[in-house]
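Undergrad: Below is a structure I'd like to ask you about.
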Amino acid sequence: MIHRRVIPFAAFLLWAVVAPGVVAAATVVEDVRTWDGPTHTRVVFDLSGSPDHRLFTLDDPARAVIDLRAGRIDPALVEGIRDAGPIQRVRTGRREDGIRVVLDLERTLEAQAFTMSPDETRGHRLVVDLGKAGEKPPLRTAERESTEPFVVAIDAGHGGKDPGAIGAAGTHEKDIVLAVARKLADRVNAVSGLEAVLVRDGDYYVGLRDRTRKAREAGADLFVSLHADAFHDRSVRGSSVFVLSRNGASSEMARMLARRENKAHRIGGVSLSDKDKQVASVLVDLSRAHTVEESLDVADVLLTELDGLGEVHGNNVEQAGFAVLKSLDMPSVLVELAFISNPAEERRLKSSSYQHQLALGLTEGVRSYVATTRPTLALGDSTKEYRVRRGDTLSAIAERHSVSIGALRRVNELGGDTIVAGRTLRIP
């Protein structure tokens, strides 16, 4: 999904435009990346310079072809690309004026390409988007803002060589947050108008800089990083939601957590090399202030939903200097689902049922935020009714109907968890 928030993303091919009689410097394809999403497949070519390219499609067999003037590529970069969504394989060849890259497709698809200028993490890029099921890929225009899905990047913390915190019973944080992330993605994708992208979908390590880069490349409107941390005092419990602090951590707990999470990398500021120091400082400060305000808005609703599932640690959204939150182009929050160091919370976190409830609550929080900030986006909102039976509990009804407890409370204007047999509840 592409829209105004997508900072750079996939890059494809290139060629340099030169005046007649002037020899063009070769534009080298430095890397090729693919991403297969629910609405389209994207191919990104990282380039050494600005591309001069042409994209067209062919039938019988289905192909997407990119000609890159004055381009150069090592064929080894595409040899491993097989069965990436509708892309069966990628081939390269030399042309008199550059190179040709051919995407062999399993069926005819619409295609479009756009270029991305260098930023703080990437150089020049050419992005090729392939629409699915005969549909055109999403257009990268402001007109799509009110109709395109709201993309949520879900980041399961740690992974691979980095297990994260370890509970008393040996539970690894990386495994818990991945399980919740997958359930959250399923719930988000089940809501019309929302689209989930998993930053990590397996037991492997992703650097902090790459986590936010992956979110940008997916055109994310919101970045949600999931964790389940530990503390030396095993009695500490409860959920927390963090956003970036502009002036340092807001509590000793926040400072401790920020130092722990930032060990992997440090993220620098935005590239503003063409601005003087004063202008650059003002631009960065304004952008960050706006993003932090948006982050606080979504964090507030997420914390409310988590409060409906159990105890929260503190009454307010926390602020800290987590490196993974230092993005200037999308609201970003870090959710501590619970303290894995607390034996009771460790047992709950291992429960598939509780993981499901966490996913439902977070989904409802995202939905509430989107309904407020994107009122023109039609979110699926059909409701049904359920008559309360003797012995029913609100949590059991919520789990049975795959909704969050917070959603049930809000829709039915309940002040707590007490329900009376015979009452009819609306199920969102």
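The values are calculated or read from the model by the stated rules, or taken from the named source; none is laboratory data. Bear in mind that the values here come from a model prediction, so they are computed numbers and not experimental data. Here Cβ is always computed from backbone atoms with ideal geometry, including for glycine, and neighbour counts include all displayed protein chains. Ligands, DNA and RNA are excluded from the accessible area calculation, which covers all protein heavy atoms including side chains. Shrake-Rupley method; radii C 1.70, N 1.55, O 1.52, S 1.80 Å.
Undergrad: Of the residues that make up region 281-293, is at least one under 27 Å from Ala407 (Cα atoms), modelled with pLDDT of 85 or more and open to solvent by 20 Å² or more (accessible area, probe 1.4 Å)?
TA: Checking region 281-293: not a single residue is under 27 Å from Ala407 (Cα atoms), modelled with pLDDT of 85 or more and open to solvent by 20 Å² or more (accessible area, probe 1.4 Å).
Undergrad: When you scan region 60-81, how many residues do you find that are part of a strand (DSSP E or B) and within 21 Å of Gly131 (Cβ to Cβ)?
TA: 5
Undergrad: Now for a different question. Residues in region 126-135: is at least one at pLDDT 90 or above and not in a loop (DSSP other than H, G, I, E, B)?
TA: The answer is yes; a qualifying residue exists.
Undergrad: Which of the residues spanning region 378-400 are over 20 Å from Gly193 (Cα atoms), in a loop (DSSP other than H, G, I, E, B) and either among the hydroxyl-bearing types (Ser, Thr, Tyr) or at pLDDT below 75 (or both)?
TA: Thr393 - this is the single residue of region 378-400 that is over 20 Å from Gly193 (Cα atoms), in a loop (DSSP other than H, G, I, E, B) and either among the hydroxyl-bearing types (Ser, Thr, Tyr) or at pLDDT below 75 (or both).
Undergrad: May I ask you to list the residues in region 199-236 that are at pLDDT below 90 and within 20 Å of Ala338 (Cβ to Cβ)?
TA: Asp229, Ala230, Phe231, His232, Asp233, Arg234, Ser235, Val236
Undergrad: Condition test on Gly314, is it open to solvent by 30 Å² or more (accessible area, probe 1.4 Å), touching a residue at least 12 places away in the same chain (Cβ under 8 Å), more than 18 Å from the chain's Cα centre (by Cα) and more than 19 Å from Lys183 (Cα to Cα)?
TA: So Gly314 passes the test.
Undergrad: A further question on this structure: Condition first: hydroxyl-bearing (Ser, Thr, Tyr) and within 14 Å of Asp104 (Cα to Cα). Now tell me which residues in region 35-62 satisfy that.
TA: Once the filter is applied, which keeps residues that are hydroxyl-bearing (Ser, Thr, Tyr) and within 14 Å of Asp104 (Cα to Cα), region 35-62 yields Thr41, Thr57.
Undergrad: Would you confirm, using the coordinates I've provided, whether Arg409 is of a type outside the set (S, T, N, Q) and open to solvent by 60 Å² or more (accessible area, probe 1.4 Å)?
TA: Answer is no for this residue.
Undergrad: Exposed (fewer than 14 other Cβ atoms within 10 Å of the Cβ) and touching a residue at least 24 places away in the same chain (Cβ under 8 Å) - does that describe any residue in region 39-54?
TA: No: region 39-54 contains no residue that is exposed (fewer than 14 other Cβ atoms within 10 Å of the Cβ) and touching a residue at least 24 places away in the same chain (Cβ under 8 Å).
Undergrad: Which ones in region 339-359 are in a helix (DSSP H, G or I), over 17 Å from Arg410 (Cβ atoms) and free of Cβ contacts under 8 Å to residues at least 60 places away in the same chain?
TA: Arg348, Ser353, Tyr354
Undergrad: Given the conditions (1) more than 18 Å from Leu302 (Cβ to Cβ); (2) in contact (Cβ under 8 Å) with a residue 24 or more places away in the chain, report the number of the one that Ser225 does not fulfil.
TA: Every condition holds for Ser225 apart from (1).
Undergrad: Okay, next question. Could you figure out which of (1) in contact (Cβ under 8 Å) with a residue 12 or more places away in the chain; (2) out of contact with any Pro (no Cβ under 9 Å at 6 or more places or on another chain) isn't true of Leu377?
TA: Here Leu377 meets the rest and fails (2).
Undergrad: Does region 360-377 contain any residue that is charged (D, E, K, R), in a loop (DSSP other than H, G, I, E, B) and touching a Lys or Arg at 6+ places or on another chain (Cβ under 9 Å)?
TA: No.
Undergrad: I would also like to ask the following. Determine whether Phe242 is buried (at least 17 other Cβ atoms within 10 Å of the Cβ), outside any strand (DSSP E or B) and modelled with pLDDT of 85 or more.
TA: Spelling it out, it is not the case that Phe242 is buried (at least 17 other Cβ atoms within 10 Å of the Cβ), outside any strand (DSSP E or B) and modelled with pLDDT of 85 or more.
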